[in-house]
Amino acid sequence: MTQVTVIGVDLAKNVFQLALVDAAGRVVAERRVRRAGLEAAVAACPGAVVGMEACGGAHHWARSFQAAGHPVRLMAPKRVKAYQDPGRKDDRRDARAIAEAATRPHVPGLRIKSPSEQDAQSRQRIHRKRVQLRTDKVNVLRGLLMESGIALPQGEAGLKRYAELADTPAWQAISPDMRAEFDELHAEIGRDGAAIAASKARLVRAAQDDARVQRLRTVPGIGPMIAAATVGAIGDGSDYADGRKFATSLGLTPRLNSSGERVRLGRISLIGDGQLRALYVNGAQALLMQAKRDRPTADGLILWARRLLKRKRWNEVVIALANKLARVAWAVLRSGDTYRPRAA
């Protein structure tokens with residue numbers, strides 16, 4: 001197998017498909033191996049570039065192959081899709097498409113996360129899922145009570161009002177079995193709230209041990225959640241040539257639709273990590289609310305947002321500010337310095 005230069009690996013849970021490609025781009029062999037034999041199959045081609053889609057387990061396998069001396073190229077699945085045979089899809093064709101995409105220099109590779117970065121991102125995702133599930137339960141409780149003629153306010157105010165329902169005629173009109181169901185659902189929401197508070201505290205404690213997170217927290221509008229999520233997603237930012245590339249990877253830059261002499265910029269692209277983008281948008285909204293109060297400040301970033309707010313709509317300014325925060329965050333990570341307010 002010394003002639004093999006690229007190995008395309010179609011990842012799966014138990015059975016993996018390999019496409020072995022030589023220097024001329026020809027598929028010289030194909031392998032179908034089980035999980036226990038994957039490392040040995042790749043090791044049989046020393047020095048070969050291993051191409052994989054960034055899916056479940058990809059970072060684990062990438063670190064294993066790197067430790068064995070293989071260059072690894074992780075690629076976004078949508079980038080690999082362009083090399084698949086349209087209309088016909090199976091594991092063999094997928095592995096071939098991955099191998100071909102890995103040989104194309106214009107197909108961007110993704111950074112391989114370290115175990116600590118992967119842990120930070122996993123904690124963020126677990127926390128977000130807990131929040132999402134609790135929100136779903138609150139909506140179910142409010143919706144079903146509405147069917148029984150009881151209207152609760154949105155948010156935490158509605159949960160506080162729940163305790164006041166016991167003596168109301170509308171509550172007494174509900175059957176005892178259903179009241180018990182509602183009580184149990186309300187108790188679950190309370191337990192979920194405690195679990196969310198505990199997971200958030202763990203996130204904050206973990207962030208305190210990372211110098212990169214602490215530097216990011218010096219940026220206005222970036223709190224511990226955004227800072228930890230950013231470090232978990234991009235590390236020190238070395239995979240991006242500049243801050244604009246990072247903002248583009250979050251989908252915070254306009255779509256480009258150009259032809260000939262016509263250049264048209266549309267809405268933001270919404271590509272990349274939607275959860276991280278949402279965090280930056282939330283941070284920008286909070287910062288813009290502070291900027292709107294017209295308190296004296298010498299920070300050029302806040303003054304820029306105030307000037308923009310006078311001639312642009314609120315949502316447009318929020319996106320522009322989120323874009324700016326992403327660029328500033330990248331600069332802080334790459335420079336190794338804390339945030340320094342720029343002159344007005």
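In terms of the Cα gyration tensor, with a ≥ b ≥ c the square roots of its eigenvalues, is region 41-166 rounded because a/c is under 1.5, prolate because a/b exceeds b/c, or oblate? All intermediate terms of the calculation are to be shown ahead of the outcome.
Values: a/c = 4.53, a/b = 2.53, b/c = 1.79.
Prolate shape, in that a/c is at least 1.5 and a/b is the bigger ratio.
Treating cross-link reach as a plain straight distance, find the lysines whose alpha-carbon is under 23 Å from the alpha-carbon of LYS310, omitting any fewer than eight places away in the same chain.
Candidates past the 8-residue exclusion: LYS292, LYS324.
Quick one: which of 126-132, 261-267 comes out on top by average Cβ neighbours within 10 Å, and what's the full order, highest first? Write down the numbers at each step before the final one.
Details: 126-132: 15.0, 261-267: 8.6.
Ranking the peptides 126-132, 261-267 by packing returns 126-132, 261-267.
Given N residues in the chain, what is its alpha carbon radius of gyration divided by 2.2 N^0.38 Å? Present the calculation step by step, with values, prior to reporting the outcome.
Numbers: Rg = 25.4 Å, N = 344, 2.2 N^0.38 = 20.2 Å.
Ratio of Cα Rg to 2.2 N^0.38 Å: 1.25.
Assuming a ≥ b ≥ c are the square roots of the Cα gyration tensor eigenvalues, decide whether region 219-287 counts as rounded (a/c under 1.5), prolate (otherwise, with a/b larger than b/c) or oblate. Intermediate values should be presented prior to the final figure.
Working: a/c = 2.68, a/b = 1.78, b/c = 1.51.
Note, shape of region 219-287 comes out prolate.
Compute the acute angle (0 to 90°) between the alpha-carbon long axis of helix 91-102 and the principal axis of greatest extent of the alpha-carbon atoms of the chain; round to the nearest 10°.
The angle comes out near 80 degrees.
So if I take the alpha carbon set of region 79-121, get Rg, then get Rh from the Kirkwood formula, what is the Rg over Rh ratio?
Numbers: Rg = 13.9 Å, Rh = 12.1 Å.
Answer for region 79-121: 1.14.
Mind running the shape call on region 249-318? Use the C-alpha gyration tensor, a ≥ b ≥ c as the square roots of the eigenvalues: rounded below 1.5 for a/c, prolate if a/b tops b/c, oblate otherwise.
oblate
At 1.4 Å probe size, with the rest of the protein present, what percent of the exposed accessible area of the chain is carbon and sulfur atoms? Write out the running numbers ahead of the final one.
Working: 9840 of 19040 Å².
Taking all protein chains in place, the chain shows 52 percent carbon and sulfur surface.
For the chain, give me the percentage of DSSP beta bridges that are antiparallel, rounded to the nearest 5 percent. Before the final figure, lay out each step's value.
Details: 19 of 27 bridges.
Counting only bridges with both partners in the chain, antiparallel ones make up about 70 percent.
Quote to one decimal, in nm, the extra length available between GLU184 and LYS200 on full extension: 0.36 nm per residue of separation minus the C-alpha distance between them. Display every interim value, and only then the final one.
Working: separation 16, 0.36 × 16 = 5.76 nm, distance 2.43 nm.
Stretched out fully, the GLU184 to LYS200 stretch lengthens by 3.3 nm.
State in Å² the accessible area per residue of region 282-344; use a 1.4 Å probe, count heavy atoms of protein chains only, and round to the nearest integer.
Working: 3780 Å² over 63 residues.
Heavy-atom SASA per residue in region 282-344 reads 60 Å².
Please give the calculated 222 nm ellipticity per residue for the chain, where each DSSP H segment of at least 4 residues contributes -39500 (n - 2.57) and the sum is spread over every residue; nearest 500 deg cm²/dmol? Before the final figure, lay out the partial values.
Numbers: 14 runs with 184 residues, N = 344.
Mean residue ellipticity at 222 nm (helix-derived): -17000 deg cm²/dmol.
Projecting each Cα onto the charge dipole of region 11-102 (Lys/Arg +1, Asp/Glu -1 at the beta carbon, about the Cα centre), which of LEU18, PRO77, MET52 comes out farthest on the positive side?
PRO77
For region 155-290, take every pair of Cα atoms, bin their distances at 10 Å starting from 0, and report each bin as a whole percent.
P(r) for region 155-290, in whole percents per bin: 10, 25, 23, 17, 15, 8, 2, 0.
The values are calculated or read from the model by the stated rules, or taken from the named source; none is laboratory data. Everything numeric here is computed off the predicted structure, so don't read it as measured data. Neighbour counts are summed over all protein chains in view; Cβ atoms, including those assigned to glycine, are modelled from backbone coordinates with ideal geometry. Heads up: the accessible areas ignore ligands, DNA and RNA and are worked out on the full protein's heavy atoms, side chains in. Shrake-Rupley method; radii C 1.70, N 1.55, O 1.52, S 1.80 Å.
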